[in-house]
Amino acid sequence: MSLLLQAYATPGSLRCYIRHLGPSQVIASRQPLYRSQRTFQTSTGSRHNDLVRPAPGTGIKVHFQDSNGNLVKTVEGNEGDNLLDIAHEHDIDLEGACEGSLACSTCHVILPPEYYDLLPEPVDEENDMLDMAFGLTDTSRLGCQVKLTPELDGMIAKLPSATRNMFVDGSKPTKH
């Protein structure tokens, strides 16, 4: 195991980097013996709720219903959009407190079995969050994890009667 020390001879003098490798093995240098590299990463705007609405009649239709089965709104989205972002884009009360990071269950939706079966299996993290969802059913999914595909055209997403964490501060959720 090596030990890295930084030594200063006098104030204002050059830095000396010393690495102690073991008994009688020392390396001294005026250059750092290692450099930590920090990277800066960015992501595209579409990853941050910046949806582009499809031209009317060209998108994948999703019918949002309330807990009683009444139609709230029919909207269109593009392939790859998720239900949470589409709901926020069209002012539908689907909270999404964690903004799609799989840390809550506030975007819980209930899907008909025929559409549920078209989706990939939920990952373990989604199942863990669904365990905390209010009104969990066999066809429950988190809206942030349901990505639209052409096969899902005409899908019905039923909103549960309540969610855990909804209206915590007394205000309605806003579009992010």
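The values are calculated or read from the model by the stated rules, or taken from the named source; none is laboratory data. Every value quoted in this text rests on a predicted model; they were computed, and no experiment measured them. Please note: Cβ atoms are built from the backbone with ideal geometry, for glycine as well, and neighbour counts cover all protein chains shown. The accessibility values were calculated without ligands, DNA or RNA, using every heavy atom of the protein model including side chains. Shrake-Rupley method; radii C 1.70, N 1.55, O 1.52, S 1.80 Å.
Odds and ends about this structure:
- In region 69-94, the qualifying residues are those that are free of Cβ contacts under 8 Å to residues at least 40 places away in the same chain and in a strand (DSSP E or B), and the one that is farthest from ALA162 (Cα to Cα) is GLU76.
- Any hit, region 44-63, residues being open to solvent by 40 Å² or more (accessible area, probe 1.4 Å), hydrophobic (A, V, I, L, M, F, W, C) and modelled with pLDDT of 95 or more: no
- For ALA97: the one exception among (1) farther than 24 Å from PRO56 by Cα; (2) touching a residue at least 24 places away in the same chain (Cβ under 8 Å); (3) open to solvent by less than 40 Å² (accessible area, probe 1.4 Å): (3)
- If you check ASP81, ASP169, ASP85, ASP124 for being out of contact with any Ser or Thr (no Cβ under 6 Å at 6 or more places or on another chain), at pLDDT 90 or above and open to solvent by 80 Å² or more (accessible area, probe 1.4 Å), only one passes: ASP124.
- Residue count, region 100-119 (criterion: open to solvent by less than 30 Å² (accessible area, probe 1.4 Å), under 14 Å from the mean Cα position of the chain (by Cα) and of a type in the set (A, V, I, L, M, F, W, C)): 2
- Search result, residues across region 128-141 that are modelled with pLDDT under 95 and not in a loop (DSSP other than H, G, I, E, B): ASP128, MET129, LEU130
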